[in-house]
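The values are calculated or read from the model by the stated rules, or taken from the named source; none is laboratory data. Because the structure is predicted, anything quoted here is derived from the model rather than measured. With ligands, DNA and RNA removed, areas are computed over all heavy atoms of the protein, side chains included. Shrake-Rupley method; radii C 1.70, N 1.55, O 1.52, S 1.80 Å.
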Amino acid sequence: MLKQSEAIVLHSHPLREADLLVTLFTRNEGKLKGVARSAKKSKRRFGGALEPLTRVTLYYENRERQELARLDACDILESPLAEQVDYARAVALAHVAELLDQLLPDHEPNDSLFRLAVSVLGSLRADSIWRPLTYFDLWAVRLVGLLPDLRTCVECNAVLHGAAAYFHPLADGLMCVADKRLASAEMSGDSRKLAGEMFRSPLEQLGTERWPRARCADLRKFLAQRVERQIEKKLVTFAMLDKLE
């Protein structure tokens, strides 16, 4: 019996001559892997709907005792290719896909994270990636339970206020100057203040001024370290973002 769900395509890979193995973030069932038979040939059933980060209405079937779903068809709701895609935006889109793929367990719905992804994907523009990316990273890490308290030192519980805070890949959170580890990185008070604003306001209410790459770069690095510690490997797209001008 066919099921229907709104979904975001995370990535797809060739499987046999004309089939694709597709990973999607579905609203109804969380992360789902399935086979799109003859997807390379069938424009009627799939067309350009299986491009990464395309939001679709997915028609699929879960078969008993089979790990992979059968993907029957997709209708495009929103495509990232509808707007200009320069290199920076392409990397930003790939980063959203990588984080969702790495953080989501299979078959566990997460409507809050789904709505976050839809909001951020609609805000990523070729000339403006850093505000929505920072917002996405912060909220994604929080929604999957990996974000520690940004207001206190993880070692002594001292309130950090506006003072400098430090983080380290092996530490469980931010540290005060007295407890920082050797080779720790610093997170500014401004970045922590902006994080607080992002928790209180939706993305579209965070202003329209241009965000340079350097703004909240320390916060993004801290969030990437939280994810990498959880998944026990480096994020490919974070290194690519770090090299952007």
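Quick notes
- Of Y60, Y166, the residue with the largest accessible area leads and the full order is Y166, Y60 (1.4 Å probe).
- In units of the compact-protein estimate 2.2 N^0.38 Å, the range 76-220 shows a Cα radius of gyration of 1.12.
- Space enclosed by the convex hull of the alpha-carbon atoms of the range 1-77, per residue, Å³: 78
- Carbon and sulfur %, accessible surface of the range 91-245 computed with the full protein complex present, 1.4 Å: 49
- The chain: relative contact order in percent, alpha carbon pairs under 8 Å with at least 6 residues between: 15
- The amide H of L77, built 1.01 Å from its N in the peptide plane, has R55, V56, T57 as neighbours under 5 Å, considering only residues 5 or more places off or on other chains.
- CD proxy at 222 nm, helix term only [per DSSP H run n ≥ 4: -39500 (n - 2.57); per residue of the chain; nearest 500]: -10000 deg cm²/dmol
- Cα Rg, Dmax, the chain, angstrom units: 19.6, 63
- In order through the range 57-70: 3J(HN,Hα) via Karplus (6.51 cos²θ - 1.76 cosθ + 1.60), integer Hz, x for Gly, Pro: 9, 9, 10, 8, 9, 8, 9, 4, 6, 10, 5, 9, 6, 9
- Anchor K31: lysines whose Cα lies under 22 Å away (excluding residues fewer than 8 positions away in-chain): K3, K233, K234
- A 1.4 Å probe over all protein chains sorts H161, H11, H107, H95 by accessible area into H161, H107, H11, H95, starting with the largest.
- Extent along principal axes [Cα atoms of the range 24-137; Å; largest to smallest]: 44, 30, 18
- Diffusion coefficient, µm² s⁻¹, Stokes-Einstein with Kirkwood Rh over alpha-carbon pairs of the range 146-187 at 25 °C and 0.890 mPa s: 247
- Note on the range 1-140: antiparallel DSSP beta bridges, both residues inside, total approximately 90 percent of the bridges counted.
- With N the number of residues in the range 82-134, Rg(Cα) / (2.2 N^0.38 Å) evaluates to 1.18.
- Solvent-accessible surface (1.4 Å probe) assigned to K3 amounts to roughly 80 Å².
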